[in-house]
Amino acid sequence: MLDDRKLAVLRAIVTDYVHSREPVGSRTLVERHHLDVSPATVRNDMAALEEEGYITHRHTSAGRVPTDKGYRLFVDRLASMKPLTSAEKRAITAFLSGAADIDDIVTRTVRLLAQVTQQVAIMQYPSTGSATIRRIDIVSLHDSKGLVIMVNSSGTVTQHHVDLGQLDDDGIAMLRDRLGDALAGLTPTQAAAVLGDFTSMVDPAIQSVTAGIVAALLDMLASDQHTKIVIAGINNLAQFSDEFDTSIRPVLDTLEEQMVLLKLLGEASSDVMVRIGQENSHANLSTASVVASGYEMDDSWAGLGVVGPTRMDYPSTMASVRAVARYVSRILAEG
């Protein structure tokens, strides 16, 4: 167990290294953080911290840098997350206000997170399993081509091209109304069950066209968007490329693996989760950190967060991720 003075030295090393990117020496700590002890005492504390694996030194430099274990203790001992400033809160509100639908909310959210944290932002689409169908529309395009549009209670809009054959405007309106009446208010599972018998219930003359429309609707119901991950800020990693042990390439490769990212975000809850370096189960993220939180929609949870180097401003990043997650939950509840 570290005493208070050693914890103060560790906090100072982490804080200085995060902001300067330079190994931290004892004299710098004494001068910058007013530790009220001599550089020799700080050197002894640093030696003890290094022996216990909280800090290490690179090359022949006299300065020290935090290890994954040091970052973890720093994060665990945070008394509180750094509060957002009024300007930061206003920026989040302004950036996310007025989003048109769930796609717009997700796009705005990852762009905002990437911007305020200067990391790579990732966000999982909310599960639509508990969402219900709000509206069905059929639109004639040109020749015999058309478009089936489905809107659910979460604001998600999906569409599918179909062949309308010889169906005229009155026939399109009739089919649209019958489908709307049959499916409105149903969950995807309930709607799929109703559609199983729908084609046989219409005029035989339009059963072929109806079958195509039903097939399109079933495809849309089967596409579960909560398995979709949206990413923003990949270019932000470029500024940290020298901080990964070998290459930034493994991290970039992992960001292309949707299922790995889903597993990461699936561990998030209503609080903030932090995975540092080797704590990440995926080997390609062993030199990276993940900060994530969950957001709520219709009594279900999905995740959002950021990926960056272990040399991360954890208090600020954790506060930003939590604030954005809570705001997204609020606007989804209001929508």
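Which value at 222 nm does the chain reach when only helices count, each DSSP H run of 4 or more adding -39,500 (n - 2.57), with the total divided by all residues and rounded to the nearest 500 deg cm²/dmol?
Values: 12 runs with 152 residues, N = 335.
After summing the helix terms and dividing by residue count, I get -14500 deg cm²/dmol.
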* Where does helix 207-222 land angle-wise versus the long Cα axis of the chain, in degrees 0 to 90, nearest 10? -> 10 degrees
* Asked: So, in nm, how far is label Glu50 from label Arg111 when the simple model puts each one 7 Å beyond its Cα toward the Cβ?
  -> 4.7 nm
* Structure fact -> In degrees rounded to 10, the 0-90 angle between helix 4-20 Cα long axis and the longest Cα principal axis of the chain is 60 degrees
* **Degrees between helix 169-183 axis and first principal axis of the chain (Cα, 0 to 90, nearest 10)** => 60 degrees
* Asked: How high is the relative contact order of the chain, in percent, with contacts defined as C-alpha pairs under 8 Å that are six or more residues apart?
  -> 19 percent
* If ligands, DNA and RNA are left out, what is the accessible area of Arg27 with a 1.4 Å probe, given in Å² to the nearest 10? -> 140 Å²
* Structure fact -> Placing each pseudo-label 7 Å from Cα in the direction of the beta carbon, Glu334 and Glu257 end up separated by a distance in nanometres of 3.9 nm
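Dividing the alpha-carbon radius of gyration of segment 34-180 by 2.2 N^0.38 Å (N being the number of residues), what value is obtained? Each step should come with its number before you reach the end.
Working: Rg = 28.6 Å, N = 147, 2.2 N^0.38 = 14.7 Å.
Taking N as the residue count of segment 34-180, the ratio is 1.95.
Determine the order of Glu279, Glu51 by accessible area, beginning with the largest, at a probe radius of 1.4 Å. Working shown, then result.
Values: Glu279 80, Glu51 160 Å².
Ranked from most to least accessible, the order is Glu51, Glu279.
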* Roughly how many Å² of Lys69 are accessible to a 1.4 Å probe, to the nearest 10? -> 100 Å²
* Extent along principal axes [Cα atoms of segment 207-289; Å; largest to smallest] -> 62, 28, 20
* Could you tell me the accessible area of Glu50 in Å² (1.4 Å probe, neighbours in place), rounded to the nearest ten? => 50 Å²
* To do: State the Cα centre-to-centre distance between segment 175-189 and segment 1-62 in whole Å.
  => 65 Å
* To do: For the chain, with a Gaussian network of springs between Cα atoms less than 10 Å apart, report the residue from Ala12, Ala114, Ala292 with the top mean-square fluctuation.
  => Ala12
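The values are calculated or read from the model by the stated rules, or taken from the named source; none is laboratory data. Treat the numbers as computed from the prediction; the structure is a model and nothing was measured. Cβ sites come from the backbone with ideal geometry, for glycine too, and all protein chains shown count toward neighbours. Side chains are part of the model used for accessible areas, which takes the heavy atoms of the whole protein and leaves out ligands, DNA and RNA. Shrake-Rupley method; radii C 1.70, N 1.55, O 1.52, S 1.80 Å.
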